[in-house]
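Here is the structure we will look at, set down as structure tokens.
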Amino acid sequence: MLSGILLFHHAEALLVGNACNENQQWGMVMTPDCQPTPGREALDTSNNLAANPRGALIVTDQPLSDIGR
């Protein structure tokens with residue numbers, strides 16, 4: 001898979017038990033205004049986001065031009 005979970009522009013989501021590992025990019029990418037449950041600090045323990053070249057969780061307000069977003 002190219003990337004895992006993408007959350008943009010005030011998204012709210014319950015994220016528990018997801019497996020986004022061994023992707024080509026990230027485990028999860030979100031903008032700073034997103035409200036995940038559990039909070040950002042606990043997402044890597046409530047989900048399997050490991051073994052992604054660009055990291056488990058990226059929080060950015062910049063466009064993701066390399067994946068067309």
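Listing for the model above:
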quantity	calculated
Net charge, ALA50 excluded, C-beta distance under 12 Å - Lys, Arg +1, Asp, Glu -1	-2
Within-14-Å neighbourhood charge of GLY27 [Cβ basis; K, R +1; D, E -1]	0
Residue-averaged 222 nm ellipticity for the chain, from DSSP H runs of 4+ at -39500 (n - 2.57), nearest 500	-1000 deg cm²/dmol
Value of D in µm² per second that Stokes-Einstein yields for the chain, Kirkwood Rh from Cα pairs, at 25 °C (0.890 mPa s)	207 µm²/s
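Values in this text are rule-based calculations from the coordinates and carry no lab data. Small disclaimer: the values here were computed from a predicted structure and weren't measured. With ideal geometry, Cβ positions are generated from the backbone for all residues, glycine too; neighbour counts draw on all protein chains shown.
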